[in-house]
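Trainee: Starting off with a structure, shown below.
No lab work stands behind these numbers, since they all come straight from the coordinates. Computed from a predicted model, the values in this text were never measured in an experiment. As a convention, Cβ positions derive from the backbone with ideal geometry for all residues, glycine included, and neighbour counts pool all protein chains shown.
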Number of protein chains: 2
Amino acid sequence: MLKGHQTWVFESKPVIISSAAVGGPFEAQGALAEDFDILHEDVWLGQDSFEKAEKKLLEQACETAINKGKMKKEDVQFFISGDLMNQIISSTFTARTLGVPFLGIFGACSSAMEGLALASLLVDSKAAKYVVAGASSHNVAAEKQFRYPTEYGGQKPPTAQWTVTGAGAGLVAQDGDGPRVTSATIGRVVDMGLTDPFNMGAAMAPAAVDTIEAHFRDLDIKPSYYDLIATGDLGSVGHRIAGDLLDKHGLKIPREIFTDCGLLIYKKDQPVMAGGSGCGCSATVTYGHLLNRMKKGELKRILVIATGALLSPLSYQQKESIPCIAHAVSIEM
Amino acid sequence: MLKGHQTWVFESKPVIISSAAVGGPFEAQGALAEDFDILHEDVWLGQDSFEKAEKKLLEQACETAINKGKMKKEDVQFFISGDLMNQIISSTFTARTLGVPFLGIFGACSSAMEGLALASLLVDSKAAKYVVAGASSHNVAAEKQFRYPTEYGGQKPPTAQWTVTGAGAGLVAQDGDGPRVTSATIGRVVDMGLTDPFNMGAAMAPAAVDTIEAHFRDLDIKPSYYDLIATGDLGSVGHRIAGDLLDKHGLKIPREIFTDCGLLIYKKDQPVMAGGSGCGCSATVTYGHLLNRMKKGELKRILVIATGALLSPLSYQQKESIPCIAHAVSIEM
């Protein structure tokens, strides 16, 4: 099961029998709108707070994934989820709605792949038959908590990123049809001393590189093994840095197969600065767009490396630098 | 591995080869002072913030556990940890110090047993040889974040509890000498509609009961199987409610073997209202006191049910009730 230092190889190849992506109005105008199961016109989702709206996104993603898998909540043994809200309330309140035994996780925007890695481990080790893994973020709720309420109209530098309003969920099972999770590499915390919360991509790039290198070293394979290698939410600045660092370290990933969920999700004319971010970014792009492409036969083997900036507003105020992490999951048809 | 609906039975019985508990000045005056590896006279631990002090507690607990196990950080594959701070910064910054691949978790005060359950799963399924599981809390950091800065001198009702300043960590391995983790029951979120953050014990009691019942149902054993059954931090109010609920549901636990970490940790004359709480409560009592008693031969089989109140200050302000959860881990000599 453990290969090398930090990679799990899932011998039974757990199956993602169904998945779902739910988004907001800005994602509905984005480049991947067709890959969402539900798109909301109202950023409030009819709720009286943005936090409750985020919970609604995650509830819908989980319920849609369960329905698409022709299952009932009662058939699912465990729900694994994380999000950016303090005390991951989007996940815990969704766990209350689902009523399924719950493992709360936190890896900031890496949560989507931390959850999928753990769900696959549970299924592979026969600790569960069915597990739902999920993650969510909401642009306005995240801005309010981490930076300023959007009503304040604060200016942002071009290195800043746009938190995705969206949630993704996958139903992982021992048997069935669908893309299969073949391995996962759990990342270390890497902190290069960067302190600018408006340039998360640059802060997270070395963590992504560390995990990508560990993945290929542990499995002793080459990047050409994959049809697509997608980082989570490095955006244009961080993704370029990650590519350069990998080149420098002698692990060249052909640029035509190296992308970033934060670069895929929005259209070029949407004002998202350096690209998309948030737990919902890699979650919706993976559980929607990428799995759809696999099912269409366009992609056979992919590696998703979700990246997370593990700061809090308080650690930033206390002049701490930004510790970062990345978890990689490989999915094959 | 999965037995019943939500219980993992670890066939290889992962070993806690070493563990450590670190506490603050108030814990040094407590009933279990002798069971701590390190006790600090200074609630600041020489740091310039209480959050950094909490990180120091957790770092010391992890490093002490690793040293007691005669291991090096490099030998450990994974670190699993959670705490109460926003974005679990105590755990993520400790993960930065350790440099070990990291799985961040959040289950509020249930995090200690969520982490031990997952660590045991990793070891049992050969996904790791050595895993460190940890959890921490700091009284002043928690008060500041969840209620009021202590300088404000706010009054508290007798149902309130005292957040433990402490951290506990255990080193879980495939082989070796020491207490063995035999099973874990992962809890569901239970919310009975209670909204009073100064009476967490009452809010969490039904979640503890739900998990305890699931544990005995899934394993088809009786409470008398255990020498001690300890809830995490229900305190005097919640623990009495849990006992009454269990009696009513027909699952009588003899009172002489039924206790609560929050009732054990402090002396009767310490002004802790209904008892101790926080991630550090079940973490220090389990990784210190209870494991020490097992090694001395006083206890052969114990069940620890760590309880967590999954609210955030914001969910409380938005008039949400308090979702609660409990995870149980059984440890045998």
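Trainee: Distance between the C-alpha centers of region B:107-158 and region A:193-223? Whole Å please.
Mentor: Cα centres, region B:107-158 to region A:193-223: 28 Å.
Trainee: Assuming R0 = 25 Å, what is the FRET efficiency of A:His249 and A:Gln155, from their Cβ-Cβ distance, to the nearest 0.05?
Mentor: With R0 = 25 Å, the Cβ-Cβ based efficiency is 0.10.
Trainee: Can you give the FRET efficiency for A:Met333 and A:Met1, using 1/(1 + (r/R0)^6), R0 = 30 Å, r = Cβ-Cβ distance, to the nearest 0.05?
Mentor: Efficiency, from the Cβ-Cβ distance: 0.85.
Trainee: Of all DSSP beta bridges in region B:77-216, what percent run antiparallel (nearest 5)?
Mentor: Antiparallel bridges: around 45 percent, rounded to the nearest 5.
Trainee: Further question on the same structure: I'd like to compare A:252-264, B:36-48, A:98-110: which one has the highest average count of other Cβ atoms within 10 Å, and what's the full order after that?
Mentor: Descending packing order for the listed peptides: A:98-110, A:252-264, B:36-48.
Trainee: Out of all DSSP beta bridges in the protein assembly as shown, what portion is antiparallel? Express it as a percent rounded to 5.
Mentor: The answer is about 65 percent antiparallel.
Trainee: Express the relative contact order of region B:109-155 as a whole percentage, based on alpha carbon pairs under 8 Å and six or more residues apart in sequence.
Mentor: The value is 28 percent.
Trainee: Quick check on chain A: helices-only [θ] at 222 nm, where DSSP H runs of length 4 and up contribute -39,500 (n - 2.57) each and the sum goes over total residues. Nearest 500, please.
Mentor: -9500 deg cm²/dmol
Trainee: If each residue of separation counts as 0.36 nm, what is the full-extension length gain between B:Glu256 and B:Lys222 once their alpha-carbon separation is subtracted?
Mentor: Extending this stretch completely gives an extra 10.7 nm.
Trainee: If you don't mind, there's one more thing I want to ask. Please give, to one decimal in nm, the separation of the simple spin-label points placed at A:Lys267 and A:Glu34, each 7 Å out from Cα toward the Cβ.
Mentor: 1.4
Trainee: Right, another one. Classify region A:85-167 from the C-alpha gyration tensor, please: rounded if a/c falls under 1.5, else prolate or oblate depending on whether a/b exceeds b/c.
Mentor: Taking the square roots of the gyration eigenvalues as a ≥ b ≥ c, region A:85-167 is prolate.
Trainee: Is there a simple number for the mean count of other chain Cβ atoms within 10 Å of the Cβ of residues in B:189-196, and what is it?
Mentor: Per residue, the number of nearby Cβ atoms from other chains is 3 on average.
Trainee: Using a/c under 1.5 as the rounded threshold, could you call region A:184-319 rounded, prolate or oblate? The axes a ≥ b ≥ c are square roots of the C-alpha gyration tensor eigenvalues, and prolate needs a/b larger than b/c, oblate otherwise.
Mentor: Oblate, because a/c is 1.5 or more while a/b does not exceed b/c.
Trainee: OK, next. Top mean-square fluctuation among A:Lys295, A:Lys72, A:Lys52, Gaussian network model of chain A, C-alpha springs under 10 Å?
Mentor: A:Lys72
Trainee: Oh, and also: Apply 1/(1 + (r/R0)^6) to the Cβ-Cβ distance of B:Met192 and A:Lys73, taking R0 = 25 Å, and write down the FRET efficiency to the nearest 0.05.
Mentor: Calculated transfer efficiency: 0.80.
Trainee: How big is the dipole moment of region B:19-162 about its Cα centre under a simple scheme where the beta carbon of each Lys and Arg is +1, that of each Asp and Glu is -1, and everything else is neutral? Debye, nearest 20, please.
Mentor: Magnitude of the dipole: close to 420 debye.
Trainee: Next question. Defining the label point at 7 Å along Cα→Cβ, can you sort the distances from A:Ile257 to the same site in each other copy, shortest first, in nm?
Mentor: Inter-copy label distances (nm, one decimal, shortest first): 5.8.
Trainee: What residues qualify as long-range amide H neighbours of A:Leu310, i.e. H under 5 Å apart, gap of 5 or more or another chain, H built at 1.01 Å from N?
Mentor: Sorted by chain and number, the residues that satisfy this are A:Cys324, A:Ile325.
Trainee: Follow-up question, since we're still on this one. Which of the peptides A:218-226, A:148-156 is most tightly packed, and how do the rest follow, going by the mean number of other Cβ atoms within 10 Å of each residue?
Mentor: A:218-226, A:148-156
Trainee: A further question on this structure: Can you tell me the dipole magnitude for region A:181-333 around its Cα centre, using point charges on the Cβ only (Lys, Arg +1; Asp, Glu -1), in Debye to the nearest 20?
Mentor: Roughly 380 debye for region A:181-333.
Trainee: Taking the label point as lying 7 angstrom from Cα along the Cα-to-Cβ axis, what are the distances from A:Gln155 to the corresponding position in the remaining copies, in ascending order and in nanometres?
Mentor: 5.0
Trainee: Under 16 Å from the Cα of B:Lys156, which aspartates and glutamates turn up, not counting those fewer than eight places away in the same chain?
Mentor: Excluding near neighbours in sequence, the set is B:Glu143, B:Asp196.
Trainee: As a test, work out the antiparallel percent of DSSP beta bridges whose residues both lie in chain B, rounded to the nearest 5.
Mentor: Roughly 65 percent of the beta bridges in chain B run antiparallel, per DSSP.
Trainee: I would also like to ask the following. Go through region A:292-309 residue by residue and turn each phi into a ³J(HN,Hα) via Karplus (6.51, -1.76, 1.60, θ = phi - 60°); whole Hz please, and just put x for glycine and proline.
Mentor: With coefficients 6.51, -1.76 and 1.60, one gets 4, 5, 5, 5, 6, x, 7, 10, 9, 9, 10, 10, 10, 10, 7, 10, x, 9 Hz.
Trainee: Hey, how many Å between the Cα centroid of region A:41-79 and the Cα centroid of region A:1-15?
Mentor: Cα centres, region A:41-79 to region A:1-15: 29 Å.
Trainee: May I ask you to report, in nm to one decimal and beginning with the shortest, the distances from A:Lys73 to the same position in the other copies, taking label points 7 Å along Cα-to-Cβ?
Mentor: 4.3
Trainee: Right, something else. From zero up to wherever the largest Cα-Cα distance of the protein assembly as shown sits, split into 20 Å bins and tell me the percent of pairs in each.
Mentor: Final binned percentages: 22, 57, 20, 0.
Trainee: I'd like the Karplus ³J(HN,Hα) series for region B:15-32: coefficients 6.51, -1.76, 1.60, θ = phi - 60°, whole numbers in Hz, and an x wherever there's a Gly or Pro.
Mentor: The phi angles translate into 9, 8, 6, 7, 7, 8, 10, 10, x, x, x, 6, 6, 5, 8, x, 6, 10 Hz.
Trainee: Ok, one more. So how do A:1-14, A:278-291 stack up, highest first, on mean other-Cβ count within 10 Å?
Mentor: In decreasing order of mean packing, A:1-14, A:278-291 become A:278-291, A:1-14.
Trainee: Is the C-alpha gyration tensor of chain A telling us rounded, prolate or oblate? Criteria: a/c under 1.5 is rounded; beyond that, a/b larger than b/c is prolate, otherwise oblate.
Mentor: Note, shape of chain A comes out rounded.
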